[in-house]
Amino acid sequence: MPVFSCSVRFPIRRLRPALLALCLATGAVLPACAAAPVPHKAHAGALLPPAVEAALNRAQVPREALSAVVMEVDGRAAPRLALQPDAPLNPASVMKLVTTYAALDMLGPSFTWQTPVYLDAQPQGGTLRGNVYVQGQGDPQLVVERLWLLLRRLRAQGVSVILGDIVLDRSAFDSAPHDAAQFDGEPWRPYNAAPDALLVNYKTLTLTFLPDATAGVARISHEPPLAHVELPASVPLAPAGSACGDWRAGLRAQLQDAARITLQGSYPAACGERQWPIAPADPPGFAARAIEGMWRELGGSLTGRVRDGQVPAGLVPAFSVASPPLAEVVRDINKYSNNVMTQQLFLTLALQRQGRGSFDAARALLTRWWDERVKAGGPLMMDNGAGLSRDARLSAGGLARMLQHAWASPVMPELMSSLPITGVDGTLRRRPGQASGSAHLKTGTLRDVTALAGYVLGASGRRWVVVAIVNHPQAPAARPALDALVDWVQDDRRASVPRE
C-alpha cells in the first residue's frame, strides 16, 4: 500500500503589484498529498549527466526515483536523454501544462469569460424596484478591480437604490460540499479555496499592515470591503527592537468566526508595510459579503440582501463584463502556479465543450483530448487539473510528446510565453543558473514530488523539450539535480543526437 504525505504551493493572487511581490517573496511549500513512487526499470542506455547523478546522491535520492526526457522540439532526432520515460508518476503542478495547453487548443487564446448582470425591472429616478442578478460563468479573475468596475457599470444603468435583492447565480458549475479544513486543517489558507462559478477575488481578503511609530500601532486596511464582518483597524506594535521574523504568527489571529476577525498579538515595526492574504471563514458566503461591501462603498443602497439563486427564464442581460483573454489568464496560471484559477479553467473546458461544469466531465474531456493529441503518450490521470492530488499521474515521455505537439501548434507562442523564465520572472525569478534567461519551465513541488517541464534554448541554438519528475520522500532535496539537468541541456554545443 502506498504511503502518502502532503504539500502544496501557495497560490499567487493577481490583485495588486505589492501583493504579487509579497506572494512571490514568500512562495513557501506547504503540506499536501503525493503518493510514494513505485520503482520502474530504467530506460535502456539512459545515462545521467555526472552533475545530475552527483546531486541525486547528495540528496539521497536514487536514480530510480527520477523520470527524465530531453528531446529536440521538432522530434526529428532520438531523445538526448530518456530515463524511465513511460513510468506513470505524480507531476504536481506541472500538470497545469496539460490543462492550459488543452484550453488554448480547444478554446483559443482570445476566449473570454462573460459575467452577465440582469435587472428584473426598469430603474426609475435611481431606484430599482426589483432584483439584480449576477450570473457567474467561471471567470477566474473577477478580482477587486474588476468587481468595482462591474458595480460601477450597474450604477451607470441608473441604479443607486435596490429595493430588492442582489441574487448570485452560481449554477454554471456543479457545486459539491467543500471542507476548506479537510486538506490540512488550515482553512484560512487561500490555496484551500474551492472553485466557484462566481469566484470573487479568489475568496481571499488581503490585510495590509502599515506601522505608525508615533501612535504605537500598525494601521490595517482591508481589501475587498466585506459587509457584515467586523475587521480590526489597527494592531499594537511589538516592543522596540523586535525582529520581523514570523510576523504572521505574532499577530495571533482568530479567524474562526465568519462575522469577526481579531488580532490578539502585535506587529513588528521592522517589517515595514506588509500584506497578508487570508481566506475568511465561510468561503461560500464570501462573494455575497464582498459584493454587498463593495456596493455600499460605492454609495449604493440595498434594502434586501445578497443571496444565491438563478436568473429567471427570459431575462435579457442589462450588460456583461468580460474577463481578460485566455492567453493572459494562462500566463498568470503558469507564471505563478495559481491553483484555483487552474481549477476554474478545468471546469470551464467542460462547461464550454459539454455544457456541464463538473470535475467528472472535465476529466473525461481532457482524457479524450490527450489521447487524440498526444497519441501513445501513456495514461493520463487527472484530478482537479491543477496537480494538487495524490492520484494525478502522467509519464515524462507523454508530457514531452505533448510539448512537442504544442511547439508545432498555432498556440505555441501563448503557451511558451506563459512559462516562468529561469532567473527572470514568475516562480523561477530567484533561481538563476547557467540557463538563466534561456529556459521556459513550469515547476511543481509536493512533499514527495519535485518536477519541471518546458523548453530550453541550448547554446548551440537548438531548442529542447525537457521533462523531469522525481517521486520520492526526499524529492524536494533533489531540486538541485533538476537544475543541473537544465544547465546540462543548455550547454549543448558538444551534444551529439543521432537523426532517426
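The values are calculated or read from the model by the stated rules, or taken from the named source; none is laboratory data. In this text, all values refer to a predicted model and were calculated from it rather than measured experimentally. With ideal geometry, Cβ positions are generated from the backbone for all residues, glycine too; neighbour counts draw on all protein chains shown. Please note that ligands, DNA and RNA were not included when accessible areas were found on the heavy atoms of the full protein model with its side chains. Shrake-Rupley method; radii C 1.70, N 1.55, O 1.52, S 1.80 Å.
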Residue that is least open to solvent (accessible area, probe 1.4 Å) [pool: residues in the stretch 408-447 that are of a type in the set (D, E, K, R) and at pLDDT 95 or above]: Lys442
Per the filter on the stretch 107-138, residues touching a Lys or Arg at 6+ places or on another chain (Cβ under 8 Å) and closer than 18 Å to Ala350 by Cα are Gly136
Does any residue of the stretch 254-272 turn out to be touching a residue at least 40 places away in the same chain (Cβ under 8 Å) and more than 30 Å from Thr214 (Cα to Cα)? no
Inside the stretch 225-282, can you point out the residues that are of a type in the set (Asp, Glu) and either closer than 29 Å to Gly304 by Cβ or buried (at least 16 other Cβ atoms within 10 Å of the Cβ) (or both)? Glu230, Asp257, Asp282
Screening Leu403, Leu457 for residues that are of a type in the set (A, V, I, L, M), under 18 Å from Ala92 (Cα atoms) and either touching a helix residue (DSSP H, G or I) at 6+ places or on another chain (Cβ under 8 Å) or surrounded by fewer than 23 Cβ atoms within 10 Å (Cβ to Cβ) (or both) leaves only Leu403
Among the residues of the stretch 366-385, is any at pLDDT 95 or above and assigned to a strand (DSSP E or B)? yes
Out of (1) open to solvent by less than 40 Å² (accessible area, probe 1.4 Å); (2) in a loop (DSSP other than H, G, I, E, B); (3) in contact (Cβ under 8 Å) with a residue 60 or more places away in the chain, the odd one out for Asp391 is which? (1)
Conditions: (1) at pLDDT 50 or above; (2) under 29 Å from Pro277 (Cα atoms). Leu24 meets all but one. Number of the miss? (1)
Going through (1) touching a Leu at 6+ places or on another chain (Cβ under 6 Å); (2) closer than 25 Å to Pro140 by Cβ; (3) modelled with pLDDT of 95 or more one by one, Arg219 fails only at (2)
Among the residues of the stretch 70-87, write down those that are small (Gly, Ala, Ser) and either open to solvent by 10 Å² or more (accessible area, probe 1.4 Å) or part of a strand (DSSP E or B) (or both). Gly75, Ala77, Ala78, Ala82
With of a type in the set (A, V, I, L, M), farther than 23 Å from Tyr202 by Cα, outside the structural domain of Arg152 (by the TED database) and out of contact with any Cys (no Cβ under 7 Å at 6 or more places or on another chain) as the only criterion, which of Ala270, Ala253, Ala238 stands out? Ala238
Quick check on the stretch 103-119: of everything there that is part of a loop (DSSP other than H, G, I, E, B) and polar (S, T, N, Q), which residue is nearest to Ala313 (Cα to Cα)? Thr112
Anything in the stretch 91-131 that is open to solvent by 10 Å² or more (accessible area, probe 1.4 Å), in contact with a helix residue (DSSP H, G or I) (Cβ under 9 Å, 6 or more places away or on another chain) and among the hydrophobic types (A, V, I, L, M, F, W, C)? List them, or say none. Met106, Leu107, Phe111, Leu119
Any residue in the stretch 405-413 that is in a helix (DSSP H, G or I), within 20 Å of the chain's Cα centre (by Cα) and within 16 Å of Arg373 (Cα to Cα)? no
Checking Asp483, Asp487 in turn, the sole residue that is open to solvent by less than 60 Å² (accessible area, probe 1.4 Å), closer than 19 Å to Pro91 by Cα, more than 20 Å from the chain's Cα centre (by Cα) and touching a residue at least 40 places away in the same chain (Cβ under 8 Å) turns out to be Asp483
Return yes or no: is Arg462 within 21 Å of the chain's Cα centre (by Cα), surrounded by fewer than 21 Cβ atoms within 10 Å (Cβ to Cβ) and not aliphatic (A, V, I, L, M)? no
